[in-house]
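Working notes, beginning with the structure itself.
The values are calculated or read from the model by the stated rules, or taken from the named source; none is laboratory data. Since the structure is predicted, the reported quantities are computational estimates derived from the model, not experimental observations. Cβ sites come from the backbone with ideal geometry, for glycine too, and all protein chains shown count toward neighbours. Just so you know, the surface numbers come from the protein's heavy atoms only, side chains and all, with ligands and any DNA or RNA stripped out. Shrake-Rupley method; radii C 1.70, N 1.55, O 1.52, S 1.80 Å.
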Amino acid sequence: MHATPNNVAISTVAIDLAKDVFELAFADAGARIVERRRLNRTAFARVLDNRPPLRVVMEACGSAHYWARRFARLGHAVELLPAH
């Protein structure tokens, strides 16, 4: 899915961090994925700027702490998960 239906409230975004391409999965309160996005670094840096507060889940890695601080400043609740 590429577009979020207007009547769906997104509560969580799971992010797969990478060097150049970032993959995001937006989910509703029932943990159903309602939107997926694949973004370059420039678009990823802005994707959460104008969203209401979300739970942001990322695997802890080298760049995760930078992105976590950035998203937390925007009012999002960030969770870093241990790498497997």
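Which value in deg cm²/dmol, rounded to the nearest 500, describes the helix-derived mean residue ellipticity at 222 nm for the chain, given -39,500 (n - 2.57) per DSSP H run of n ≥ 4 and division by the residue count? Present the calculation step by step, with values, prior to reporting the outcome.
Details: 2 runs with 16 residues, N = 84.
Computed mean residue ellipticity for the chain: -5000 deg cm²/dmol.
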Problem - Exposed trypsin sites (Lys or Arg not before Pro) absent: longest stretch of the chain, with sites in DSSP loops and at most 11 other Cβ within 10 Å deemed exposed - result: 33-84
Fill in the blank from the handout: Computed curve, the chain, Cα-only Debye sum without solvent term, log₁₀ I(q)/I(0) at 0.23, 0.26 Å⁻¹, is -1.23, -1.54
Handout entry: Of 31, 60, 74, farthest towards positive along the dipole that unit charges on Lys, Arg, Asp, Glu beta carbons give the chain
Key = 74
Exercise for the section: Return the carbon/sulfur percentage of the accessible area of the chain, one whole number, probe 1.4 Å, all protein chains in place. Expected result: 53
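Nothing charged except the Cβ atoms of Lys and Arg (+1) and of Asp and Glu (-1): what's the magnitude of the dipole of the chain about its Cα centre? Round to the nearest 20 debye. Don't skip to the end; give the middle numbers.
Values: 12 positive and 8 negative charges, 49 e Å.
For this selection, approximately 240 debye.
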Practice task
Enter the accessible area of residue 16 (Å², nearest 10), with the probe set to 1.4 Å and all protein chains included.
Solution key: 90
